[in-house]
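Only one structure is covered here, and it is reproduced in the block below.
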Amino acid sequence: MLKSIAAFLIRRSETRIGVKLDYAHKIAQTDFGLLIRYNKIFGMIDPNTKVPAIAYHTARLRGAMAADCGTCVEAEINLAKLSNIAPDVIDTVLRGSYDQLSSELAAVAELTDATVRDQIDNSDARDHVISAYGDAGLIELSLAMNGAAMLPGIKRAMGYAVQCDLSLMSKLAHATR
């Protein structure tokens, strides 16, 4: 019974984010307790309450990009679009064209790249993020960027990750659902 409910909820999530969650189905079929633990990760990432949606999705997009998982980036693109983030902004974030972003968004992207992709400190970007969004905003963005990068790692370990194709992701940013 629990597995049937879990499968229904996973399918509903697949519809919302526009990608298949085969690995989540595998977790649910294998052990319901592990699925509950997996779902706690989403509680860490969501909700977005401390920063503007554009900053939040910039952190999530760059976090997923750092982990190089195509379906994860696709899901993040779809979630950003659901939050009414303009396709051109999504594409700019994906391509790393930070000179075309506001200084606040560029700082979020730079901090995400430093933290998640390069695993280094970027105190200038962090200070700019704090100045723009406060300490609570920094913490929410930290959870968003690292959470978005963690999910591809789980998928990769289970054998479900697909390498990211930036030109395809750019097209997806502009496609309508």
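The values are calculated or read from the model by the stated rules, or taken from the named source; none is laboratory data. Fair warning: this is a prediction, and the values are worked out from it, not measured in the lab. Here the Cβ is made from the backbone with ideal geometry for all residues, glycine too, and neighbour counts use every protein chain on show. For accessibility, only protein heavy atoms count, side chains too; no ligands or nucleic acids. Shrake-Rupley method; radii C 1.70, N 1.55, O 1.52, S 1.80 Å.
Of all residues in the range 49-60 being farther than 12 Å from ALA80 by Cα and not hydroxyl-bearing (Ser, Thr, Tyr), which is surrounded by the most Cβ atoms within 10 Å (Cβ to Cβ)? Please lay out each step first, then the result.
Taking the range 49-60 and keeping what is farther than 12 Å from ALA80 by Cα, we get 49-51.
Those left that are additionally not hydroxyl-bearing (Ser, Thr, Tyr): 50-51.
Working: LYS50: 18, VAL51: 24.
Per the stated criteria, the residue is VAL51.
Scanning the range 114-131 for residues that are in contact with a helix residue (DSSP H, G or I) (Cβ under 9 Å, 6 or more places away or on another chain), within 20 Å of ILE45 (Cβ to Cβ) and either surrounded by fewer than 17 Cβ atoms within 10 Å (Cβ to Cβ) or touching a residue at least 24 places away in the same chain (Cβ under 8 Å) (or both) gives THR115, VAL116, ARG117, VAL129. Residues that are open to solvent by less than 20 Å² (accessible area, probe 1.4 Å), more than 20 Å from PRO47 (Cα to Cα) and out of contact with any Asp or Glu (no Cβ under 8 Å at 6 or more places or on another chain) are absent from the range 98-105. ALA28: in a helix (DSSP H, G or I), under 22 Å from ALA136 (Cα atoms), of a type outside the set (D, E, K, R) and at pLDDT 95 or above, yes or no? It is false that ALA28 is in a helix (DSSP H, G or I), under 22 Å from ALA136 (Cα atoms), of a type outside the set (D, E, K, R) and at pLDDT 95 or above.
Tell me yes or no: at least one residue of the range 132-152 is of a type in the set (D, E, K, R) and outside any helix (DSSP H, G or I).
no
Under the condition of being open to solvent by less than 10 Å² (accessible area, probe 1.4 Å) and assigned to a helix (DSSP H, G or I), the residues counted in the range 61-74 number 5.
Set side by side, the residues ILE90, ILE10, ILE85 differ, and just one is closer than 19 Å to GLU140 by Cα and either open to solvent by less than 50 Å² (accessible area, probe 1.4 Å) or in contact with a strand residue (DSSP E or B) (Cβ under 9 Å, 6 or more places away or on another chain) (or both), which is ILE85. The set of residues in the range 75-90 that are touching a residue at least 24 places away in the same chain (Cβ under 8 Å), farther than 26 Å from TYR23 by Cβ and not in a helix (DSSP H, G or I) contains only ASN84. Just wondering, is there one or more residues in the range 156-166 that are part of a helix (DSSP H, G or I), more than 19 Å from ILE45 (Cβ to Cβ) and within 18 Å of the chain's Cα centre (by Cα)? Looking through the range 156-166, at least one residue is part of a helix (DSSP H, G or I), more than 19 Å from ILE45 (Cβ to Cβ) and within 18 Å of the chain's Cα centre (by Cα).
With the structure loaded, tell me whether MET44 is open to solvent by 20 Å² or more (accessible area, probe 1.4 Å), touching an Asp or Glu at 6+ places or on another chain (Cβ under 9 Å) and in a helix (DSSP H, G or I) or whether it fails that test. Judged against the criteria, MET44 is not a match. Of the residues in the range 151-167, at least one is open to solvent by 20 Å² or more (accessible area, probe 1.4 Å), of a type in the set (Ser, Thr, Tyr) and closer than 17 Å to LEU94 by Cβ.
Of all residues in the range 140-158, those that are over 12 Å from LEU111 (Cβ atoms) and either acidic (Asp, Glu) or in contact (Cβ under 8 Å) with a residue 24 or more places away in the chain (or both) total 13.
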